[in-house]
Structure formats: structure tokens, C-alpha cells
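Everything below concerns the one structure shown next.
The values are calculated or read from the model by the stated rules, or taken from the named source; none is laboratory data. Everything quoted here is computed from the prediction, not taken from an experiment. Ideal geometry is used to build each Cβ from the backbone, glycine not excepted, and the neighbour counts take in all protein chains shown.
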């Protein structure tokens with residue numbers, strides 16, 4: 001559990017000054033994780049929610065976008081035709097060819113503040129861009145991971161050029177695995193070069209070592225040195241702007257919005273797991289245990 005380096009920041013609710021949710025139309029900000037394979041998206045996801053959201057026998061290259069929200073409902077897939085079908089814990093039968101996204105519910109404090117959409121790696125030549133393009137319009141914020149040792153490749157730029165301009169002001173470019181660059185001078189050069197190349201395309205460029213952040217284990221200095229402290233503060237600022245309406249946001253008519261429970265501050269929630277519920281759980285009617293069956297399309 002990771003609380004380090006964040007105790008001096010104001011709580012997420014206090015910093016955001018958000019009114020208490022009063023309508024089912026209010027939803028959590030949605031943060032999409034994007035980037036090429038091996039750029040650190042899975043590590044970032046694990047850092048944020050405190051665990052892996054994918055089955056151990058499934059790799060991200062085999063999956064469509066995985067949309068994570070707070071809760072304890074069974075996972076389900078949304079087909080290209082809008083049909084919903086519950087899936088088992090191994091995600092068996094889920095294919096990128098006929099699935100728009102997989103909805104996963106976890107009891108993570110981070111997910112009390114934000115939904116997380118883990119996109120497939122964009123560098124797979126065998127994966128059509130439509131796989132992520134179908135869902136990216138549902139996101140409010142993008143965290144783009146780029147491996148620091150080969151940061152901002154032409155292939156990344158080509159994909160980012162396909163993104164709507166509205167994402168430029170509300171997206172962060174993370175230069176991951178900065179610890180692989182040993183010299184402080186070289187790290188500075190990489191950051192300066194990338195900042196110059198992406199000027200106007202991202203809100204900010206943040207160097208970060210996600211592994212060091214996970215390994216900091218309560219050491220605030222190590223947490224700050226990893227770059228995670230600056231990442232968290234920037235994410236708080238972005239989600240605050242989205243949630244309070246200071247930045248444009250669309251409400252999807254294709255995927256029903258999820259109401260946002262009020263709870264822990266975002267900076268206190270990174271990597272923090274919610275205490276598991278007792279074995280006896282009263283589940284919502286929609287998710288009562290039942291055999292795997294096709295479900296009709298969601299209503300607008």
C-alpha cells in the first residue's frame with residue numbers, strides 16, 4: 001500500500017471542492033492509459049489501483065480495452081453490437097474482434113475517484129486501430145506512457161495525431177523507466193527534447209520511474225524521487241477540472257454512466273486497497289449470479 005510522499009497534499013475532495021453527488025448523471029472522471037507495448041501501462045495501472053486487474057493467464061495483447069470501475073459486480077464484455085455478456089474470471093471467450101470493451105469492477109480506493117480504461121498497446125501491427133478508437137471517446141483524460149530510452153517514437157506520434165485535439169489540454173505524457181537512463185544530464189536532455197517535440201500536444205511531460213514508485217514502500221523521499229508525487233498532483237488537478245466542469249466533458253449514450261461514491265482522497269488512494277466486504281453481499285438486481293447469457297443492448 002502506497003501513501004508515501006502524499007501526506008502534504010490536500011485531500012482529493014478538499015482540493016477539488018466538489019459538491020456531493022446528487023444525480024445519477026454525475027460520474028467519475030475517466031482516465032485512459034495508452035502507449036506502445038512494454039511502455040509501462042500495466043505497471044502504472046498496478047500502481048494506481050494497487051493490484052493487477054487482468055487474469056494471470058491473459059496478456060494485454062490478447063484483450064480489447066479493459067474499463068475498470070469501483071464495485072464488486074461480475075465482469076462483463078460489451079460486444080460491437082452493444083450486447084452485454086458476463087464473463088468468468090479468466091476472461092475466456094473475450095476477443096478483440098467482437099468486443100468493444102470489458103467492464104471490470106474492483107474495490108480499490110483509487111477507483112472511488114476515477115475510472116481507469118487500460119487500452120491495448122498501439123504498436124501491434126496485427127491489431128486494428130479501431131480496437132481503441134471505439135472507446136477513446138469515452139475518456140476524459142489520457143495518460144500516455146512512452147519508454148524514456150526511446151521516447152516519443154514516430155509510431156507514437158502517428159497515433160497521437162489521430163486523437164481529437166480536445167485531448168491535448170487534458171493529457172499527460174509520462175516518460176517511463178527513467179531509471180534506465182543513468183546520467184542526470186542525459187535524463188535532462190531526454191525531457192527537454194521530448195518537451196520540444198510535443199509542445200502544445202500534451203498538458204505536461206512527466207519523467208517517472210514506476211518501479212521505483214512501487215518499491216518506495218513508505219519512503220516519501222524515494223516516492224518523490226521516482227516522479228510519482230508530481231504525477232499524482234497533476235492527475236488530481238486534471239480530474240478536478242473535469243469533475244467540476246472547468247474542462248469540457250461528454251456523457252456517453254452508449255455506455256451507461258457510473259455514479260461516483262464519495263470516499264478517500266485520490267492522493268491517499270494510490271495503490272491502496274479497500275478492505276474486502278464480508279462474504280455475505282447484497283448484490284444489485286442487475287448482477288445477481290446467473291448462468292452466462294447474452295444481454296440486450298444498453299439503453300441510451
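Assorted remarks:
- Residue in segment 27-44 that is at pLDDT below 90 and out of contact with any strand residue (DSSP E or B) (no Cβ under 9 Å at 6 or more places or on another chain) present: yes
- Index of the failed condition, residue 61 passing every other in (1) modelled with pLDDT under 95; (2) more than 30 Å from residue 177 (Cβ to Cβ): (2)
- Residue, surrounded by the most Cβ atoms within 10 Å (Cβ to Cβ), within segment 202-224, restricted to residues that are closer than 24 Å to residue 142 by Cα and out of contact with any strand residue (DSSP E or B) (no Cβ under 8 Å at 6 or more places or on another chain): 213
- Among residues of segment 45-58, those that are closer than 23 Å to residue 213 by Cβ and at pLDDT below 90, counted: 6
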